[in-house]
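Q: Take this structure first; my questions come after.
The values are calculated or read from the model by the stated rules, or taken from the named source; none is laboratory data. Since the structure is predicted, the reported quantities are computational estimates derived from the model, not experimental observations. Cβ placement follows ideal geometry from the backbone for every residue including glycine, while neighbour counts extend to all protein chains displayed.
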Amino acid sequence: MLPSNTSDFELKDPQAKRSGGPSAGLFFTIGLLVLLIAVIAFAVTRLPTGTLSRPAPAAAAPTAVAVDNGVTADAATQQAIQDVIRKLDEAQAQAIATNDPNVMVATATADFYQQQVAINQDLVNNGVSEVKLLNLEWGQISVSGNTATATVYETWSTTFDDGTTEQARDRNVYTLVQENGAWKVQADDHPDQQAAGAPGPAPAP
């Protein structure tokens, strides 16, 4: 390290001090200072000239898991969507029982309502006298803006004119949209039936 007191160098060369000329210690100290300045100047020239950048902060953890180009719906939204789908299914059963399709208007978009009316008519034409919703098993419900997607496994009982009854469980993927602040069903796909080669979409029951 550099000496903290120049007198240490002066004592080492008393002859130079007695001669009246500059002391060797003084020359040595000046030499060290010059050397130190040269080292600092060299170090400064080696510093990067660009602006220092801070490391980017870590991205915050998402508040919901991304699903189907949307995010998992909050509890209140999930409940609202489940209620709409349940009411639509119950309305379809009621429409077939009473031959009054208007009960499905409140829970379906205009286009989907027309599809449901045609489906119910096909069921009746093929000897269906009654359909009954037995169970709903809810899967993922995701929301993207004013559109939502809901997966639900529905179990239906279908009764025919001859008294026979069939029971089936099917996966439904509903698409819903908001109209005037309320959720309505826009489409109902049956991916498992379509994958199996069935002509579809198949009716909800």
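Q: For region 130-196, please list each of the strands (runs of 3 or more DSSP E) lying entirely inside it that holds at least 2 residues being over 24 Å from the mean Cα position of the chain (by Cα) and in the same structural domain as THR109 (by TED's automatic domain parsing).
A: Answer list for region 130-196: 147-160, 165-179.
Q: Regarding region 111-120, can at least one residue be identified that is modelled with pLDDT of 95 or more and under 23 Å from GLY70 (Cα atoms)?
A: Taking every residue of region 111-120 in turn, at least one turns out to be modelled with pLDDT of 95 or more and under 23 Å from GLY70 (Cα atoms).
Q: Of all residues in region 129-146, which are surrounded by 16 or more Cβ atoms within 10 Å (Cβ to Cβ) and farther than 15 Å from ASP89 by Cβ?
A: At the first step, the residues of region 129-146 found to be surrounded by 16 or more Cβ atoms within 10 Å (Cβ to Cβ) are 131-133, 140-143.
Listed by number, the residues that qualify are GLN140, ILE141, SER142, VAL143.
Q: Counting just the residues of region 154-164 that are surrounded by 11 or more Cβ atoms within 10 Å (Cβ to Cβ) and without any contact (Cβ under 8 Å) to a residue 60 or more places away in the chain, which one comes out nearest to VAL128 (Cα to Cα)?
A: For region 154-164, the residue satisfying everything is PHE160.
Q: Among the residues of region 98-111, is any surrounded by 14 or more Cβ atoms within 10 Å (Cβ to Cβ), aliphatic (A, V, I, L, M) and under 23 Å from the mean Cα position of the chain (by Cα)?
A: Looking through region 98-111, none of the residues is surrounded by 14 or more Cβ atoms within 10 Å (Cβ to Cβ), aliphatic (A, V, I, L, M) and under 23 Å from the mean Cα position of the chain (by Cα).
Q: Now for a different question. Can you name every residue in region 88-109 that is in a helix (DSSP H, G or I) and not aliphatic (A, V, I, L, M)?
A: ASP89, GLU90, GLN92, GLN94, THR98, PRO101, ASN102, THR107, listed by residue number.
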